[in-house]
Amino acid sequence: MFLSVFDLFKIGIGPSSSHTMGPMTAAARFLDEMLSGDWPRPAGAVVDRIGASLHGSLAYTGVGHGTDRAVILGLHGLTPVTVDPDLTDAIVDKISHDKRISPPGHPTYRFDPAVDLVLDKKTPLLGHANGMAFYAYDSGDRLLLKRIYYSIGGGFVVSEEELQRMKAKTSAPASGKRVPYPFSNAVEMLAMAARSGLSIAEMKRANEEVHTSRAELDAGLDAIWDAMSRCIDRGLSQDGIMPGGLKVRRRARQLHDKLQEQWSQNRPNPLLANDWLSIYAMAVNEENAAGGRVVTAPTNGAAGTLPAVLRYWLHFHVEADKDSIRDFLLTAAAVGGIIKTNASISGAEVGCQGEVGSASAMAAAGLCAVMGGTPEQVENAAEIALEHHLGMTCDPVAGLVQVPCIERNALGAVKAVTAASLAIKGDGKHFVPLDAAIETMRQTGMDMSEKYKETSLGGLAVNVVEC
């Protein structure tokens, strides 16, 4: 299955790709299907009211992740790309007051979020931990249409039927066009690189250019980095308390100012690179926690790790240029696609090893590549970073993407740079293959208790509150 760089890196809003962007997209899909008429509608029936229910992890941490708000915005006709984060509060408040919703191209429907949006913690949907259902009723409250969707991580959304085809491994590729380097795991990727003499970025570029022109690809990659960079800059300029009730204060700006002062004094600081990495990552994830504009990398919860490493590359390496940014993103996307294909990038499915662990592996691969690493060294860098996130739980306090998520991104960035540095000093030969680390992550995630998979029922989510 071909996964584009633009599948892994999606521009959207915080605080969660699976709990915010995914449900918003699912709501938009439901509206489209209602309008299409491609469903068995009883003669003369007219949709008068719509409803939705959230299940599993979406129900347990939905409020903290803004899932309820995302569904309301999605049913209003907005998408993660089109929504203006500064207008969301007013839109949600108006719909809650009017108890009606009027998406573009549709008539006005009855929709009272207090009644018609249910967080159902008792009825899991069996396909995936992030399940949701949408309903359409007539004026007599007769059910006309029901559709189930799953948010499977990184903003990806599939219907119940699509998920079953994926599990049966019968789903078709995203496009009928064949790509020249159709690797689905790291072994195939390295073999194709050896035969072709191309880098991982060059192979990924060749695959992408089957679906889009070189100019469009480069413009898209530049837009991704621009959105990431703007998110860092905005995060470094903001102060105050993040929303949600934990009263966690933003720290990136204060830390950045202190670091700038040290930088101007030319005082020795052996931890300088780590400090910058951490601040960049925290800036992004503070923006994410506040519902700002972010890029999935590969998820919102892990959105700060990769941009921090890329900004570090530009900050500390004089050879960095625009082409290297593109190669970084292409290489990272190649590794991210392998992880998603063979395991998961969803915290609700495999814990935070699938989010920050995957992000760290992607960032390590991208950095190693632009530092001149061979494909074998790039694969080694990704493996080192992923291996040392194995078993990491997803236990957000109060269901908010704040503690421990913000600092966790900072440490993921530090691990990524360390992994790339270790790998590029070797010859690419190593004991644990990347594919083995990915399979281990998958198995570990399947064995992990649901308490530690984005439900806030275990770990820090309960012990911090009790303290």
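The values are calculated or read from the model by the stated rules, or taken from the named source; none is laboratory data. Predicted model only: the values in this text are computed from it and were never measured. Here the Cβ positions follow ideal geometry from the backbone for every residue, glycine too, while neighbour counts run over all protein chains shown. Accessible surface areas use protein heavy atoms only, side chains included; no ligands, DNA or RNA. Shrake-Rupley method; radii C 1.70, N 1.55, O 1.52, S 1.80 Å.
Some observations on this one:
- Counted residues, the range 247-278 - those being within 27 Å of the chain's Cα centre (by Cα) and part of a loop (DSSP other than H, G, I, E, B): 4
- Verdict on residue 384 being more than 21 Å from residue 150 (Cα to Cα), part of a helix (DSSP H, G or I) and of a type outside the set (Gly, Ala, Ser): yes
- Selected residue (criterion: surrounded by the most Cβ atoms within 10 Å (Cβ to Cβ)) from residues of the range 208-233 that are more than 19 Å from the chain's Cα centre (by Cα) and assigned to a helix (DSSP H, G or I): 208
Okay, residues lined up against (1) out of contact with any strand residue (DSSP E or B) (no Cβ under 9 Å at 6 or more places or on another chain); (2) of a type in the set (Ser, Thr, Tyr); (3) open to solvent by 60 Å² or more (accessible area, probe 1.4 Å); (4) at pLDDT 95 or above:
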residue: 133; (1), (2), (3), (4): no, no, no, yes
residue: 139; (1), (2), (3), (4): no, yes, yes, yes
residue: 143; (1), (2), (3), (4): no, no, yes, yes
residue: 157; (1), (2), (3), (4): no, no, no, yes
residue: 189; (1), (2), (3), (4): yes, no, no, yes
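- Within the range 394-435, restricting attention to residues that are touching a Cys at 6+ places or on another chain (Cβ under 7 Å) and outside any helix (DSSP H, G or I), the residue that is farthest from residue 361 (Cα to Cα) is 396.
- Odd one out for residue 424, checked against (1) modelled with pLDDT of 95 or more; (2) open to solvent by less than 10 Å² (accessible area, probe 1.4 Å): (2)
- Scanning the range 338-369 for residues that are within 30 Å of residue 163 (Cβ to Cβ), small (Gly, Ala, Ser) and open to solvent by 10 Å² or more (accessible area, probe 1.4 Å) yields a single hit, 343.
- Criterion: modelled with pLDDT of 95 or more, out of contact with any strand residue (DSSP E or B) (no Cβ under 9 Å at 6 or more places or on another chain) and among the acidic types (Asp, Glu) - qualifying residue of 98, 68: 98
- Qualifying residue in the range 42-61 (condition: of a type in the set (S, T, N, Q) and open to solvent by 40 Å² or more (accessible area, probe 1.4 Å)): no
- The residues of the range 31-56 that are closer than 11 Å to residue 132 by Cα and either of a type in the set (A, V, I, L, M, F, W, C) or without any contact (Cβ under 8 Å) to a residue 60 or more places away in the chain (or both), listed by number, are 52, 54.
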